[in-house]
Each structure stands twice: as structure tokens, then as C-alpha cells.
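Each value in this text was obtained by applying a stated rule to the coordinates, not by laboratory testing. A quick note: this is a predicted structure, and the numbers were derived from the prediction, not measured. In this analysis, Cβ positions are derived from the backbone assuming ideal geometry, glycine residues included, and neighbour counts consider all displayed protein chains.
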Amino acid sequence: MTRDVGDSGDFRISRSSDRSILNGCYDFFDPMSISVRSFAKINIGLKIGPRRDDGFHELRTIYQTIALADVVKVDVGRGVGIDVCCKDPRVPAGESNTCFRMAERVLRAFKTRSKVRITVEKKLPVQGGLGAASSNAVATMLGLEKALKRELPPGERLRLAAEVGSDVPLFLIGGTVLGTGRGEQVYPLEDLPSFHCVIATPEVGVSTPAAFEDWDTKFAAAQKLTDHDGSDRMSVFSHSIFEWLSGSSFSPTGVPSKGWDRAEAMLLDLVRTGIENDFESVVFPKHPAIREVKRALERSGARYVSLSGSGSTVYALFGDKQDAARTAKSLVDKGIPAHATVTLPRSSYWKAIFGEKIG
Ligand code: C5P
């Protein structure tokens, strides 16, 4: 017997033959499952500070949610245990899965015992610098709250999110978000207008911890040469962000003008600030194929091009929808996985999480 569990049409579970593929997630629960869209993010600028005593690095970044998403389905039934099911073998099934860790914490916070099944329909790249696993964790939290008909207080949500990972909390805000601390301290910024963008993810595996280590090595060498402790780097970044967000794309009355004209003006201002992602300086030398994708995007007429997180995703922001669509197609024709999409402001993010379709 085979039943659909996804709306993509190609995700099927067979009770008899597919057990091994799906980590034993063949037991069907109440058909009332909660579906949550789990959107991706990009980083607009990322400054890495010194390694802290807890082993993490101090960060400054702007996170921006985008309209590409996985779908996370949450079922709650009688019994105990957490199962994570995903057709993509690169997504771990057990305790290392961010959805598993989030579900564990939410059940503990509610002091309840249930059987929880989480099904992840993967559309976002795994370990691509788009925060997919972190976003899946927040989708699990929201889905589980809905399934259990209970809500965690906002502070508790944030605390659990930060425990699961540094870039999990941003997905509790959505839109344009300032990230500080190890990336887990998040502040909603005034939403940027929606930009057209291309997301290109060359099939190169980049390890985030390794990228941070490479940064440490590079930074230590630079320190020796300049005898500079680098403490001003973070404030320079903060100043650039401040300049950008209070720049000329806002009218003298302080009221931002509307629509694509404003988006275009903000993109130009962004280029002028020279905001960059520090990971580029260690990831590109190690993976020249990623740098090549950045160059191809720069040649395509994009206003701003950058690595997202530690990669391998490179994104490009455009003022024009057709330019974005044409660029994505030309990358796909060259064998590089790419999508044209838009950045997702906060109100659209929250509307689309459970309901409204976008695009
Ligand atoms: O918090 P998260 O699980 O995403 O971090 C993964 C790894 O990335 C950490 O174990 C750490 O090695 C590194 N990291 C870091 N500084 C940060 C965030 C992550 O060194 N701000």
C-alpha cells in the first residue's frame, strides 16, 4: 500500500518496501498533519570577530529571508518518540537533526509526551549557507505548537531556538534582521523592499566550522603583520550598515518612497557601502568554483553579489525580474543549480508560513 504524504506528488511512502529508505517512518498517524513552509535566508554582509571563550565567533550580519522554502509536516499521535523522515539521504534522521532537537525541547517545555513525526520535503540545498536546517527547526516548533494547540511564550521560543543553532532565532522574526553575538541575538530591522534575486548553489560542500578555522588562521597571520587586534572591524561594519539603512533611498522627510524605485536606490546604496561577507576571503581560495559563480553573476548585470553564510550559495540581487530569470536560466544551462526568486519581507513571511502561496 502506498500513500502520498507530500504535495509535490513525488514523495511516497510504501508500508512494505520503502522502510529502509525512510528511516522507519512508515507508521501513519492521524491524517491531520500541520504543514509549515520553511523559508531560506541570505546574509547581506557578514563580519567575523574574534573567537570567544565558548569557541564561537562574534558576528555581525544582516539576515534577509527569501521566498524559497522546504515544507515541514508535523504529525502528533499517541505514544512516545520523535521520527524525522526525509527522502534526501543527506538529511540525518536522528538526534543530530535540528528538527529532532527542536521537537525534543518543545515537548520538554510543554511537559508532554507524544509520538511526533516530522516529514521534511527538501527543496533547499543541504548545507548551502541558506539556513535550511535552522529554518526547518523553527518550522518544527511552529508546527508542533499548532498540532498541540499550545504556544510557548516569545522569550522561551527564542531561548530554545538559540540552543538549537546560531542562525535559528532569525526565523522567529523573518524579513530583514540584524544578527549579533554568535548570530543568535536578533533584532528586526525596518524591512527592505523586496528585491529580485538569483540563488546559485554550486555542488561544493563547505564545512562551516572548517571555514571559521580557516578564518582564524588567516586572521592570526594578518595580526602578526599589522600588530592590529581587529577590534574596530565590527564597528566599521555597524557604521556601514547604519549608513546604508539611513541612506539616500529614504526621502528627506524620513518616509521611504515605495516600490521598485526604492529597491533600486537601496541596491545602489548597498554597493556603495562595500559591505562584504568575510567568509569569501577563506572560502573562495579553497573552492575556486564558487568564486567563478560569483564572477558569472557579476557579469550578468546584478547590482550586488555575495556568498551567503559560508556558502556554497552565492546570491545576486537585481532591480529587474527578467534579468534575474535570464541569469538563473543561463547558470542552469551551464549545470549550476540556480533559481530566480525574491526576498521576502516580514509580513509576507508570516502570511506564507502556514497559508498564502507566494510568487
Ligand atoms: O550554532 P551552529 O550549530 O550553527 O554552529 C556550528 C559551528 O559553527 C559551531 O560549532 C562553531 O564551530 C561554528 N560557529 C562559530 N561561530 C559562530 C557560529 C558558528 O565558530 N558565530
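List of remarks:
- In order along segment 317-329, phi translates into HN-Hα couplings of 9, 10, x, 10, 4, 5, 4, 5, 4, 4, 5, 4, 5 Hz, rounded to whole numbers, per the Karplus curve 6.51 cos²θ - 1.76 cosθ + 1.60 with θ = phi - 60° and x for Gly and Pro.
- Each peptide in 70-82, 172-184, 321-333 receives the mean, over its residues, of other Cβ atoms within 10 Å, and ordering these scores from highest gives 172-184, 70-82, 321-333.
- Cα gyration tensor category, rounded, prolate or oblate, for segment 25-133 with a/c compared to 1.5: prolate
- Of the trypsin sites (Lys or Arg not before Pro) found in segment 257-317, the ones in coil according to DSSP and having at most 10 other Cβ atoms within 10 Å of their Cβ are LYS258.
- Set of lysines with alpha-carbon distance to LYS321 below 26 Å, sequence-local pairs under 8 removed: LYS41, LYS122, LYS123, LYS258, LYS294, LYS329, LYS334, LYS351, LYS357
- Taking packing as the residue-averaged number of other Cβ atoms within 10 angstrom, the listed peptides 96-103, 194-201, 137-144, 212-219 run from highest to lowest as 137-144, 194-201, 96-103, 212-219.
- Stretched out straight at 0.36 nm per residue, the stretch from THR180 to LYS146 would grow longer than its current Cα-Cα span by 9.3 nm.
- Overall form of segment 67-204 per C-alpha gyration tensor (a/c, 1.5; a/b vs b/c): oblate
- Descending by average beta-carbon neighbour count within 10 Å, the peptides 43-51, 145-153 line up as 43-51, 145-153, the highest first.
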